[in-house]
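Everything below concerns the one structure shown next.
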Amino acid sequence: MHVHVTEPDLADIVEGATSTMLGTVLGALAPSGEAPSEASAACAVGASVQFTGEWSGALVIGCDEMIGNEAAAAMFGCDTNNVAADDLSDALGELANMIAGNVKPLLPGAITLSLPTVVQGSELRLGIPGAAPTVGVTYRRGSCVFSVEIYERSQGPRKQS
Amino acid sequence: MKILIVDDSRAMRTIVKRHVAQAGFDSAEILEAENGRDALETIRASTPDVVLSDWNMPEMTGIELLEALRAEGVTVPLGFVTSESSPDFKERAFDAGAAFMITKPFGAEDFSRCLAPFM
């Protein structure tokens, strides 16, 4: 079974989740048309949620520190200069969880979501070992970037019975 | 009026608190728990009037919390605030006795509609 989530499907989910939960923070970002892998060098925070079950893969979001701090500040109702590293991880993990939960009904079969995993660093190379990117969206505001991508794991050849 | 918010994400607990206040329940006493097990202890000790619980959490999930409460004979209304919106999850939640489900992303009007019957 292959994922049938289209780029417009994913964009609708991402923009709906971010505009509702983060207000105008990401509203100033514009779709860039880049593949998320092209933009990941600008990312300082990455969050992933695994899909397991009849279909297997992951959802990965990435952003630079400025966008991450703005998202966390919007969630916590604090100043962007007062976002602790733990709060940044918490906020981005929750954002990944929310987007993944809304993608899940578009995926085939019974699927379970994992708890989110978050990494922070610089020039992150976001990806999922053993899985290939299938669809993604990237948004930019100047040098700031926010991306979301769905990966699909190879199911391997089926045994003939 | 006491409302217990159960979520492993402090960011989400903060957002839910804000939306509950915006929905007109700003005078409610808000209790917080980080997972189902923590919530179970809080409910036994503090008897909230309504529980707003996430579904996916470490230690004990939201549905395990609901099942544990009902097994103990605790009838506190529990509604899920979750990104899990699949029909099978909704069916499992309501079969277990959930009072309502609010799907993330949500607005203050969702809390107004779902909490009003218990206020």
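The values are calculated or read from the model by the stated rules, or taken from the named source; none is laboratory data. Small disclaimer: the values here were computed from a predicted structure and weren't measured. All Cβ positions, glycine included, derive from the backbone under ideal geometry; neighbour counts span all protein chains shown. Side chains are part of the model used for accessible areas, which takes the heavy atoms of the whole protein and leaves out ligands, DNA and RNA. Shrake-Rupley method; radii C 1.70, N 1.55, O 1.52, S 1.80 Å.
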When (1) outside any helix (DSSP H, G or I); (2) touching a residue at least 60 places away in the same chain (Cβ under 8 Å) are applied to A:MET66, the one that fails is (1)
Given the criterion closer than 16 Å to A:LEU113 by Cβ and charged (D, E, K, R), identify the matching residue among B:ARG37, B:ARG44, B:ARG92. B:ARG92
For the stretch B:52-62, does any single residue satisfy the condition of being within 14 Å of chain A (Cβ to nearest Cβ) and acidic (Asp, Glu)? yes
Checklist (1) at pLDDT 90 or above; (2) out of contact with any strand residue (DSSP E or B) (no Cβ under 7 Å at 6 or more places or on another chain); (3) crowded, with 20+ Cβ neighbours inside 10 Å applied to A:PRO8, failing item: (3)
Need a quick list: strands (runs of 3 or more DSSP E) entirely within the stretch B:1-115 having at least 2 residues that are within 14 Å of the chain's Cα centre (by Cα) and closer than 18 Å to A:GLY101 by Cα. B:50-53, B:78-82, B:100-103
From the list A:ALA96, A:ALA58, A:ALA47, A:ALA41, which one is touching a residue at least 12 places away in the same chain (Cβ under 8 Å), surrounded by 15 or more Cβ atoms within 10 Å (Cβ to Cβ) and in a helix (DSSP H, G or I)? A:ALA96
If I filter the stretch A:21-33 for residues that are part of a helix (DSSP H, G or I), over 18 Å from B:MET57 (Cα atoms), touching a residue at least 12 places away in the same chain (Cβ under 8 Å) and open to solvent by 20 Å² or more (accessible area, probe 1.4 Å), do I get at least one hit? no
Restricting attention to the stretch A:75-93, does a residue exist that is surrounded by 14 or more Cβ atoms within 10 Å (Cβ to Cβ) and in contact (Cβ under 8 Å) with a residue 60 or more places away in the chain? no
How many residues does the stretch A:63-78 hold that are of a type outside the set (Gly, Ala, Ser) and either within 10 Å of another protein chain (Cβ to nearest Cβ) or touching a helix residue (DSSP H, G or I) at 6+ places or on another chain (Cβ under 6 Å) (or both)? 6
Which is farther than 24 Å from A:SER114 by Cα and of a type in the set (A, V, I, L, M, F, W, C), of A:ALA35, A:ALA58? A:ALA35
For the stretch B:70-83, give me the residue count where each residue is within 13 Å of B:ALA99 (Cα to Cα) and open to solvent by less than 20 Å² (accessible area, probe 1.4 Å). 5
Taking the stretch A:99-140, which residues are within 14 Å of chain B (Cβ to nearest Cβ), open to solvent by less than 60 Å² (accessible area, probe 1.4 Å) and within 14 Å of the chain's Cα centre (by Cα)? A:ILE99, A:ALA100, A:GLY101, A:ASN102, A:VAL103, A:LYS104, A:LEU113, A:SER114, A:PRO116, A:VAL118
Has the stretch B:90-101 got any residue that is aromatic (Phe, Trp, Tyr), away from every other protein chain (no Cβ under 12 Å), open to solvent by less than 30 Å² (accessible area, probe 1.4 Å) and in contact (Cβ under 8 Å) with a residue 40 or more places away in the chain? no
Criterion first (modelled with pLDDT of 95 or more and within 14 Å of chain B (Cβ to nearest Cβ)) does A:VAL60 satisfy it? no
